[in-house]
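Enquirer: Got a structure for you, written out below as structure tokens; questions coming shortly.
Computed from the coordinates by the stated procedures, all read-outs in this text should not be read as laboratory data. Owing to the predicted nature of the structure, the values given are computational and were not obtained by experimental measurement. Reconstructed Cβ throughout: ideal geometry from the backbone, glycine too, with neighbour counts over all protein chains shown.
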Amino acid sequence: MLVSRSLQRWIGVSVGVGATCALILLSLSTPVGAQTVAPTTPVIQLANPTTGDLLPLGDYLVSGTAYDPMATTGSGISHVDLFVGRRELGGVFLGTAVPGQDTIANVAPDTRLAETGFQLTVTLPQSMTGGRDFVAYAYSSTNEQVGTESVPVYIGVAPTPTPVPEKPLAPQPVAETEMAAPAAEGAAMFSLANPSTGDVVLKGDYMVSGAAGPSIDRVQLFLGDREAGGTHLATIEPINGIFTSKVTIPDKFMGGTQFCAYAYSSTTGQESEVMVPIYVGAPPTPTPRPL
């Protein structure tokens, strides 16, 4: 076994050469693969909101997962605190969720997501507008570790584009897709919260959420336009005006595509749809600009 010079100097100053030999012998006698496991930080991931989302003022549905890798049962998380702005910098407290208790709607019980998932409706105050950090803190129930995720979002209003005082570039072709607008209000109200336009969605498990009026009976989720052979991901029934579902993004998708949701009302016999342009697997490659 080799001991670095810096380690030899440190050991020699602190405990002497004899202790160095004892340390080497102890290391050689330790079984291969044995390690001292240090407490790890809880893992937390927000499914809603995501980076760059535009959040409306008032009620807003937050969802995500949190767990302590050291826990042997359950999530190992006592609670998750939600803030606008970092807590230590005077952020505004929004609410507390408990993974496994404040469960995500339509998630099958006795699954890992049912243990670690959380969902909570918070109220975004009128005073919080513009660019903000949406911050979640996950507290371990087994030690004093705290996991954090901070997501930059816009509340109430979208950012104003910064004027670029340069000569205009040559026009770039834009693919336009006609789509039916979602119902904005009333019993047939329907909207997607996650994903939102331009999101980068990773392959594998992904949380989808949105809101629907009382006359909406079911929501179908597709990657790609259903009428053009899109891939069906899930069919869910809204509960108390909210729909949330874990879907699996297939490996065959990569790059830009449309995330499509179709809401059907048996009361009106009509269907609304939302098509959101997203990127699967990786963000788009910027188009080179001519010099």
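Enquirer: Report the net charge of residues surrounding SER78, where surrounding means a beta-carbon distance below 13 angstrom and charges are Lys +1, Arg +1, Asp -1, Glu -1.
Expert: Working: positive: none; negative: ASP68, ASP81, ASP102, GLU144.
Neighbour charge sum, excluding SER78 itself: -4.
Enquirer: Still on this structure: Which of rounded, prolate, oblate describes region 190-280, given a ≥ b ≥ c as roots of the alpha-carbon gyration tensor eigenvalues and a/c under 1.5 marking rounded, otherwise prolate only if a/b is larger than b/c?
Expert: Working: a/c = 2.05, a/b = 1.67, b/c = 1.23.
Prolate, since a/c reaches 1.5 and a/b exceeds b/c.
Enquirer: Turning to a different aspect of this structure: First select every other residue whose beta carbon is under 14 angstrom from the beta carbon of ALA97; then total the charges, Lys and Arg +1, Asp and Glu -1. Kindly include the intermediate steps, with their values, before the conclusion.
Expert: Values: positive: none; negative: ASP81, ASP102, GLU115, GLU149.
Cβ neighbours under 14 Å give a net charge of -4.
Enquirer: Going by how many other Cβ atoms sit within 10 Å of their own, how do LEU57, LEU46, LEU202 line up, fewest first?
Expert: On the way: LEU57 15, LEU46 24, LEU202 10.
Exposure proxy ranking, most exposed first: LEU202, LEU57, LEU46.
Enquirer: Starting from the amide H of ARG218, placed 1.01 Å from N in the peptide plane, find each other amide H under 5 Å away whose residue is 5 or more places distant or on another chain.
Expert: TYR264
Enquirer: Please state the relative contact order of region 43-155 as a whole percent: Cα pairs under 8 Å, 6+ residues apart?
Expert: Values: 279 pairs, mean separation 40.6, N = 113.
With pairs under 8 Å counted, the relative contact order is 36 percent.
Enquirer: Listing ASP102, ASP68, ASP53 from the residue with the fewest other Cβ atoms within 10 Å to the one with the most, what is the order? Don't jump to the answer; show the numbers that get you there.
Expert: Numbers: ASP102 18, ASP68 27, ASP53 22.
Placing the least packed residue first, the sequence is ASP102, ASP53, ASP68.
Enquirer: Further question on the same structure: Could you list which residues have their amide H under 5 Å from that of SER141, counting only those 5 or more apart in sequence or on another chain, with H placed in the peptide plane?
Expert: Close amide H contacts, sequence-distant or interchain: ILE77, SER78.
Enquirer: What do you get for Rg/Rh of region 43-155 when both radii come from the Cα atoms and Rh is the Kirkwood radius? If you can, show how the numbers build up before the last one.
Expert: Details: Rg = 13.8 Å, Rh = 14.1 Å.
My calculation puts Rg/Rh at 0.97.
Enquirer: Is region 59-120 best put as rounded, prolate or oblate by its Cα gyration tensor, with a ≥ b ≥ c the root eigenvalues, rounded for a/c under 1.5, and otherwise prolate when a/b is larger than b/c, oblate when not?
Expert: On the way: a/c = 3.40, a/b = 1.54, b/c = 2.22.
Oblate, because a/c is 1.5 or more while a/b does not exceed b/c.
Enquirer: Next up: Would you mind ranking HIS232, HIS79 so that the residue whose beta carbon has the fewest other beta carbons within 10 Å leads the list? Show your work: numbers first, answer last.
Expert: Values: HIS232 13, HIS79 16.
With the fewest neighbours first, HIS232, HIS79 line up as HIS232, HIS79.
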